[in-house]
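Step one of this worksheet: look at the structure below.
The values are calculated or read from the model by the stated rules, or taken from the named source; none is laboratory data. These numbers were taken from a predicted model, which means no experiment stands behind them. Here the Cβ positions follow ideal geometry from the backbone for every residue, glycine too, while neighbour counts run over all protein chains shown. Just so you know, the surface numbers come from the protein's heavy atoms only, side chains and all, with ligands and any DNA or RNA stripped out. Shrake-Rupley method; radii C 1.70, N 1.55, O 1.52, S 1.80 Å.
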Amino acid sequence: MTLAGARLTAIASGKGGTGKTFVALALAQAFADLGERVLLADADLGLSNTSVHLGLAHAGDLPGLVAGRTPLKHAVAPVATPLHAGFDLLAAPAGTGILCDADRATVERLALLLRRASGYHRVLIDLGAGIGETVLTLAAEADDVVVVLTPDPAALTDAYALIKLVLKRTGGRAPALVVNMAASAFEARRTAEALANSARTFLKASPAYLGFVPNDLRVVECLRRQVSLWQAYPKSPSLAAIRSLTGLLGGHNNRIPATGSLR
């Protein structure tokens, strides 16, 4: 695998509470364990919290990077889990809201810097929840967009709104779907099919269903304790599900096939 240019994979959700950040964190670790050099960028510019979930005192210097004060290699914070490969984190300091009023030029500069990130095979972008301008701008720049939703009807409705806007912004490139916190494979598939059916009917697009992550109280426990699920519960079914997603997201030079277009 070469390092000619990082592949950008954006992780999005129509609303908060879907477990999007957990999925982004777990994917970062899973891809690192597969031998990829991974950068996880926390692009929730107003409420960055990835470092809190990881129990890190230092989250990197995303504000310094976009301001041109700090080069990328000094703006990242290393994330290390015993017995696992490491990856890098790029975020704003948690609890500061330092970039909450970032203008479009700042967001576009961030997108360009992530696209040009050298030394990485993959950049995972943990987008903020919702359908704000920052979310849509970064989603449009990504090679792949993965929408995380839950079986909650409100999550499904908000995911539909997000997909509609991403389709408009990208000229018809449909995001892929991951159903999180599902009670069963049947519930997850039913949720994904309901959303895909609406997208096909009203948007003339068919989002790919990548799979689901089961509801797992150990995930919540680890997030509260600020410990790695990979270390505390390495045989968790949630982690097995995340590992299966890496194969469907493909390697460095592949992209999720486009499955529809907006007419």
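Radius of gyration (Cα atoms) of segment 119-198, expressed as a multiple of 2.2 N^0.38 Å: 1.12.
Summing charges over neighbours of residue 187, with a neighbour being any other residue whose Cβ is under 15 Å away from its Cβ, gives -1 when K and R count +1 and D and E count -1. A cut-off under 11 angstrom between Cβ atoms defines the neighbours of residue 133, and their net charge, with Lys, Arg +1 and Asp, Glu -1, is 0. Counting only protein heavy atoms and using a 1.4 Å probe, the accessible area of residue 184 comes to about 50 Å². In segment 47-137, taking the dipole from charged Cβ atoms about the Cα centre, the farthest positive-side position among 80, 57, 135 is held by 80.
Summing Lys and Arg as +1 and Asp and Glu as -1 over all other residues whose Cβ lies under 13 Å from the Cβ of residue 231 gives a net charge of +1.
Just 198, 228, 13 to compare: in a GNM of the chain, with alpha carbon springs under 10 Å, which one fluctuates most? Highest fluctuation of the listed residues: 198. Restricting the calculation to Cα atoms, every distinct pair contributes to the Kirkwood radius of segment 1-115, found to be 14.7 Å.
Positive-end ranking of 222, 206, 180 along the dipole of segment 157-246, with charges on Cβ about the Cα centre, is headed by 206. In summary, the aspartates and glutamates within cross-link reach of residue 164, defined as a Cα separation below 20 angstrom excluding same-chain residues under 8 places away, comprise 126, 133, 141, 143, 144, 152, 193.
Which pairs in the list 168/235; 204/235; 15/235; 20/235; 20/204 are over 31 Å apart, alpha-carbon to alpha-carbon? Violating the 31 Å limit, Cα to Cα: 168/235; 204/235. For segment 104-160, what class follows from the C-alpha gyration tensor (a ≥ b ≥ c being the square roots of its eigenvalues): rounded when a/c is under 1.5, otherwise prolate if a/b is larger than b/c, else oblate? Here segment 104-160 falls in the oblate category.
Rounded, prolate or oblate, given the Cα gyration tensor of segment 74-217, with a/c below 1.5 counting as rounded?
Oblate, because a/c is 1.5 or more while a/b does not exceed b/c.
Measuring nothing but how far apart in sequence close Cα pairs (under 8 Å, 6+ apart) lie, relative to its length, segment 1-141 scores a relative contact order of 43 percent.
Note on the chain: with a GNM built from Cα contacts shorter than 10 Å, the maximum mean-square fluctuation among 42, 126, 158 falls on 158.
Two-decimal Rg/Rh of the chain from alpha-carbon positions, Kirkwood Rh? Looking at the chain, the ratio lands at 0.94.
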